[in-house]
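The values are calculated or read from the model by the stated rules, or taken from the named source; none is laboratory data. Every value quoted in this text rests on a predicted model; they were computed, and no experiment measured them. So basically every Cβ, Gly included, is an ideal-geometry build from the backbone, and we count neighbours across all protein chains shown. Heads up: the accessible areas ignore ligands, DNA and RNA and are worked out on the full protein's heavy atoms, side chains in. Shrake-Rupley method; radii C 1.70, N 1.55, O 1.52, S 1.80 Å.
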Amino acid sequence: MKGEYAFCPQSGAPLSEEVHYDDRGRAQRVPIYDDFPGRTPDGELTNGSLRSARVALFNHFRRSYRRHHDEDDGGLFSKAALGLTRLKRAAEGDTEWDMYVWYALAEWLHGEYDVRWMHAHVEPRCPDCAGQLQYESLGDGDYRATCATNCAGHHGDSLATIADAVCTLYAGAFDDPAPAPTDLLLV
């Protein structure tokens, strides 16, 4: 993941608050070792990635869950690991981005578990450039999101594009019918 929720794309380890500079002068952070398994490379500088390893996403999932709950919720971690395996296998192109995998996992787990907490650990990004989104209230609790930098030169609703990609990924990973883009829990 990128932005506020960035983590080490190989291990899922959280990133330091302290900024370090690479040989090009770019500000980056260092993964912090923690109690979750995964290979955290020594001295790696990163700001996260759009595409992370399955183990990194799983460790982010467990770490995020524990911010809201004390223990595993009746097999949730096992089911999440299975879901991530299927999603990573089915993902192609832009649907390999962590945000799409995260949202599709939430949809799959939603039928059996309360996963609304997952929304607090992902930031929707522009589907074209992965930049930040700006939001416009449409009234009645509806919002439209567009690229904050207007990268694609259009003002289409990025949330609708994200929802379509999540449903496509879901359909490719799981046997049960994919939800409609307008019925997604988190997007």
Self-check item: In Å², nearest 10: area of Thr146 left accessible to a 1.4 Å probe
Solution: 10 Å²
Quiz item: Which of Arg67, Arg29, Arg86 moves the most in a Gaussian network model of the chain with Cα springs under 10 Å?
Solution: Arg67
Exercise. Report, in deg cm²/dmol and to the nearest 500, the calculated mean residue ellipticity at 222 nm for the chain, where each DSSP H run with n ≥ 4 adds -39500 (n - 2.57) and the sum is divided by the residue count.
Key: -10000 deg cm²/dmol
Quiz item: Do any cysteines in the chain lack another Cys Cβ under 4.7 Å, and if so which?
Solution: Cys8, Cys167
Self-check item: Spin-label model distance (nm) - Asp164 vs Arg144, 7 Å beyond Cα toward Cβ
Solution: 1.6 nm
Practice problem: For segment 18-128, just say rounded, prolate or oblate: build the C-alpha gyration tensor, square-root its eigenvalues into a ≥ b ≥ c, call rounded for a/c under 1.5, and beyond that prolate if a/b exceeds b/c, oblate if not. | Solution: prolate
Quiz item: Stretched out fully, how many nm does the piece from Ala81 to Gln134 gain, at 0.36 nm a residue minus the Cα gap?
Solution: 15.9 nm
Quiz prompt | Å³ per residue enclosed by the Cα convex hull of the chain | solution = 135 Å³
Quiz item: Taking amide hydrogens as modeled 1.01 Å from N in the peptide plane, which residues meet the under 5 Å criterion relative to Tyr113, leaving out close sequence neighbours?
Solution: none
Quiz item: Using a 1.4 Å probe, what is the accessible area per residue for the chain, in Å²?
Solution: 52 Å²
Practice problem: With a cut-off of 19 Å, note down the residues of segment 105-142 whose backbone N falls inside the zone around a label point 7 Å from the Cα of Asp73 toward its beta carbon. | Solution: 105-123
Quiz item: Which of Tyr103, Tyr135, Tyr170 moves the most in a Gaussian network model of the chain with Cα springs under 10 Å?
Solution: Tyr135
Self-check item: Under Karplus coefficients 6.51, -1.76 and 1.60, residue-wise ³J(HN,Hα) of segment 142-147 in Hz, glycine/proline x
Solution: 8, 9, 10, 10, 10, 4
Quiz prompt | Choice from Gly141, Gly83, Gly111 showing the highest fluctuation, given a GNM over the chain with Cα pairs closer than 10 Å | solution = Gly141
Practice problem: Give the carbon-plus-sulfur fraction of the accessible surface of the chain in %, rounded to a whole number; probe 1.4 Å, heavy atoms of protein chains only. | Solution: 46 percent
